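All remarks here apply to the structure that follows.
Bear in mind that the values in this text are calculations on the coordinates, not laboratory data. As the structure is a computational prediction, the values presented were derived from the model and not from experiment. Backbone-built Cβ (ideal geometry, glycine too); neighbour counts: all protein chains shown.
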Amino acid sequence: MQTILIQTDAGNGAELRSWELRPGEEATFGRGVPGVPVDIELGDPAVSRLAGRIRAVDTYWTLTNLSRAHTYVVENPEGGGEFVKVPPGRLEAPIPFEFGRVILPAGRAPASFLVFAPVHSFLDPLALASGSSGVKTSMAFTLDPTAKYFLVLVALCEPRLRDPSSPVIPTVPQIIERLGDSGLTPSAVAFHIKYLATTKLRVRQQGGEGRADWQRAALVSQALRFDLVREEHLALLPHTDA
């Protein structure tokens, strides 16, 4: 069963907040006041008390705009400037992006939050070529090498790719330092790691050791075991003289 993940933009030092929705589940967003509770609070006074809702569908998500006056924008932060406009009153607008930023007009600066969509489905190329029918073949791991989450995964795997005997698992601060001017914040890197672990590679903790870095270690193990990250992917990382 696919899920979507929602993350509120967090400033420096702010606590990362996230929600996980399964197909059919929804989360409301807005300013929220007593008597009008919302799941995702956007505190700007220009945002409606109940501004809209996100609904998880099977392989995508929808956005409902409950505002009477404001158009919302959903942009693809990792694309070429693609965006979708959702006008006031629009119900269940399907959003095609795997990774989208929902932007609402606000007083001082636009209010926004991030949505990570389920794994997208693709037709099996062999079935398309042969014209055969039947249940389509799904990909076990769908990774986009142009996405920021993949860059984070490459940075995690770099020590082991360069030296298979290395025990080093980069921490979040080390990943940020390695990626240089990527614009990623600690909360963004942490969320990419969670997205990779829960949605993309679907790793699980083994045993009862309770190590704090188990998720990062499991991602490295999974990615290298199935050649999801290879030596040629190191070229995606910023050049270093080291």
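Compute the distance in nm between two label points, each set 7 Å from the Cα along the Cα-to-Cβ direction, one at residue 108 and one at residue 41.
1.7
Loop only by DSSP, 14 or fewer other Cβ within 10 Å of the Cβ. Give me the chymotrypsin sites (Phe, Trp or Tyr not before Pro) in segment 151-242 that pass, ordered by residue number.
On the way: sites: 191, 195, 214, 226; in loops: 226.
Here the chymotrypsin sites (Phe, Trp or Tyr not before Pro) that fit, given the DSSP loop and packing criteria, are 226.
Determine one quarter of the surface area of the Cα convex hull of segment 25-89, which equals its mean projected area, and express it in nm² to one decimal.
Details: hull surface 21.1 nm².
Reported value for the Cα convex hull: 5.3 nm².
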